[in-house]
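Report on the following structure.
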Amino acid sequence: MKEVPVSATAPTLILTGGQVLTVDRDFTVAQSVAVRGRDIVATGSDAEMRALAGPGTRVVELGGRTVLPGLNDSHLHGAAYGMTKPPFAIDVGHPAVGSIADIAAAVRRAARASRPDEWIVGLGWDPGYLAECLADPRRFPHRRDLDAVAPYHPVCLTDFSSHMVWANSEALRRCGVDAGSTPPPGGVIDRDVDGEPTGILREAAQRLVQAALPSPTIAQRRQAIQGVVRELHARGITSYTEPGLGPGGTGTLFGGLSTDNWTAYAELVAAGELDARVSVLLLPAPMGGSAADLRKGLEELRRPASADPRRLNAIGVKIFADGVPPNRTAWMSEPYPEGGHGALCVHGDTPALQVAELREMIGLAHEAGFQLGVHVTGDRAIDTVVDAFAAAQAAAPRPDARHYVIHGDFIGADSLARLAEHGYGVNMNPAIKWTISDLMDEVVGPERSAYQWPVRDAVEAGVRVCASSDAPITAPDWRQGVAGMLLRESKASGRPSGPEQCVPLADALRAYTVNAAWQDFADDWKGTIEAGKVADLCVLDRPLLDLDPHEITEAEVDLTVFDGRVVHER
């Protein structure tokens, strides 16, 4: 039995008779766990834990069910996710819609229910699931599709990846986007043969429309966050990283990455109303930004304080290096099947100038003492970022910076080795692969698609791997991520995709618990079920160790404990 000294005060909660997966160094499996107040005080056998119980102890009979550390979704846009739901936005994602016609019908309904000239905002469309696009690869959503059903309402529909906007003519007119418009650095405006915008705005060009949307109040942002936290409790999630809040997010959808959301979080903590542990990456510069933008943003942000750093803590800085593979904006060494290599999305007229700008941005944030989380997906861009990490460390040595690559879709062996050498990490998105791996076959070809997010290579290289949903890109469902890491197959087809990158259950769970706590600089007090750690726990309705990997997504969360309190009970 692993136990801290037990005083005369009995535990307040004992979970007994199950599989307690401690996720400690040895992946120890206990039968029971005891909690006193906010802390875990002991783990061990049923007999040992029952002996600690007192008259006021709540004893939960597990009946063979599983106990996990509270799950940690280490890259989840909490505030933005909350604002993708009604009343802020309509759902135009799969499976709610299956065609452009379905989306047009949803927009028509919203227009009829709204005031004249009111913005209609939606999120989630994916051309990989739209019938018209599947029938004819040349067919893509167009402003005319939306003009037909909402000619007088401005419409802004952000895609599932949050890297592309589909707008109608009225929205473009209001925002001054026309044939003569020049996109911001790192942005693309799709055009017809006559030069007129099609209504599709990619990467940084999204801001041309999103910046015009009405901004929710701080009170509305607090409500959105609290709604998300309740959903996360039902999923067994007690910690998450809010990856990017600051002046660089002002032009994002509803300011979902703006400084206003830090204010909303801070007010919730001060009022004792944030029942989650939120680590924040500050966003001083926008996608397509420069070193000057980052320097100015850091001066504005400084390092904001929190009333309770164990609930809200600004630990790092986020930088965008390139785009995403579905948009062909990830910077790749080998061309996409239809041509082009993508590009970095920072300031600069040539690749060489962009590389220099990105290196300066990373150096500035490193020297300022921040952890760096860099959004980067293409192999060429990843090598550039890892080189910049190493250069920044050489110029200004820091003993434990814990920088990490965000997404790292096509990270190669050399970059993995260098991350391991410096003690840096990678944050991957196995649930996205589980959901859309078939689509990636078309985007980058089957061979590269099979390699995407090489979890096993990263683990074997000695890199700490964290896993996350990137919500609202996918639902914050860690079960899908775990299944994706164990199976490496498509949810839609069940076809294996890179099975050589499968990892065992222990490694998959570490990516959502102790490794994520390491990313948070909090592995000394959370992330495992051990005496002295905070009592953040998740109880599943079945024995996880006995499940076939295909059954993991069917497991339900029966109980969630946060800070020693039951916050969800099914």
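If you plug each phi of region 346-361 into the Karplus form 6.51 cos²θ - 1.76 cosθ + 1.60 with θ = phi - 60°, what whole-Hz ³J(HN,Hα) values come out, in order, with x for Gly and Pro?
With the stated coefficients, region 346-361 comes to 10, 4, x, 8, 9, x, 5, 5, 5, 4, 4, 5, 5, 4, 5, 4 Hz.
Relative to the present Cα-Cα distance, how much length would full extension add between residue 414 and residue 263 at 0.36 nm per residue of separation?
50.3 nm
So I have [x] 3, 14, 22, 25, 21, 11, 3, 0; [y] 3, 14, 20, 21, 19, 12, 7, 3, 0, 0; [z] 4, 18, 28, 27, 16, 6, 2, 0, 0, and one of them is P(r) over Cα pairs in 10 Å bins from 0, in percent calculated from this model. Which one is it?
[z]
Give, rounded to the nearest 20 debye, the magnitude of the charge dipole that region 251-354 has about its Cα centre when Lys and Arg contribute +1 at Cβ and Asp and Glu contribute -1 at Cβ.
Dipole about the Cα centre, nearest 20: 300 debye.
Each residue of region 130-146 in order: what ³J(HN,Hα) in whole Hz does its phi give by Karplus 6.51 cos²θ - 1.76 cosθ + 1.60, θ = phi - 60°, with x for Gly and Pro?
8, 4, 5, 5, 5, 6, 9, x, 7, 7, 9, x, 9, 4, 5, 4, 8
With each label point set 7 Å from Cα along the Cα-Cβ vector, what nm distance links residue 102 and residue 521?
The modelled label-to-label distance comes out at 4.5 nm.
Once the piece of chain linking residue 308 and residue 548 is laid out straight, how much longer is it, given 0.36 nm per residue of separation minus the C-alpha distance between them?
Roughly 82.4 nm would be gained on extension.
Using a 1.4 Å probe over the heavy atoms of the protein chains, calculate the carbon and sulfur portion of the accessible area of the chain as a whole percent.
Numbers: 10690 of 20900 Å².
C and S atoms contribute 51 percent here.
Work from the charge dipole of the chain (Cβ charges, +1 for Lys and Arg, -1 for Asp and Glu, about the Cα centre) and give the residue of 232, 161, 55 farthest towards its positive end.
55
Once you place label points 7 Å from the Cα toward the Cβ at residue 132 and residue 147, how far apart are they in nm?
1.3
State the number of lysine pairs found in the chain whose Cα atoms come within less than 23 Å, restricting to pairs 8 or more positions apart or on distinct chains.
Details: 2/526; 2/533; 296/318; 318/433; 433/491.
Close lysine pairs found across the chain: 5.
With only Lys, Arg, Asp and Glu charged, each at its Cβ (+1 for the first two, -1 for the last two), find how big the charge dipole of the chain is about the Cα centre; round to the nearest 20 debye.
Value, rounded to 20: 1280 debye.
Starting from a Cα-only point model with no solvent, please compute log10 I(q)/I(0) by Debye for region 276-369 at q = 0.24 1/Å.
Debye curve over Cα of region 276-369, log10 I(q)/I(0) at q = 0.24 Å⁻¹: -1.14.
So, R0 is 45 Å and r is the distance between the beta-carbons of residue 27 and residue 352; what FRET efficiency does that work out to, to 0.05?
0.45
FRET efficiency for residue 219 and residue 181, Cβ-Cβ distance as r, R0 = 51 Å, nearest 0.05?
With R0 = 51 Å, the Cβ-Cβ based efficiency is 0.90.
What ratio of Cα Rg to 2.2 N^0.38 Å holds for region 372-434?
On the way: Rg = 11.5 Å, N = 63, 2.2 N^0.38 = 10.6 Å.
Against the empirical 2.2 N^0.38 Å value, I get 1.08 for region 372-434.
So how strong a dipole does region 162-290 carry about its Cα centre when Lys and Arg Cβ are +1 and Asp and Glu Cβ are -1, to the nearest 20 debye?
280
Multiply the residue separation of residue 234 and residue 91 by 0.36 nm, subtract the distance between their alpha-carbon atoms, and state the gained length in nm to one decimal.
49.4 nm
In nanometres, what is the gap between the two model label sites at residue 117 and residue 192, each 7 Å from Cα along Cα-to-Cβ?
Using points 7 Å along Cα→Cβ, the separation is 2.6 nm.
Which percent, to the nearest 5, of DSSP beta bridges fully inside the chain are antiparallel?
The antiparallel fraction comes to roughly 45 percent.
Would you work out which of 330, 422, 351 lies farthest towards the positive end of the dipole of region 302-454? Charges go on Cβ: Lys and Arg +1, Asp and Glu -1.
Positive-most Cα among the choices belongs to 422.
So with the 1.4 Å probe, I'd like the accessible area per residue for the chain, rounded to whole Å². Numbers along the way, then the final one.
Working: 20900 Å² over 570 residues.
Value for the chain: 37 Å² per residue.
The values are calculated or read from the model by the stated rules, or taken from the named source; none is laboratory data. Just so it is clear, the model here is predicted, and its values are computed rather than measured. Cβ sites come from the backbone with ideal geometry, for glycine too, and all protein chains shown count toward neighbours. For accessibility, only protein heavy atoms count, side chains too; no ligands or nucleic acids. Shrake-Rupley method; radii C 1.70, N 1.55, O 1.52, S 1.80 Å.
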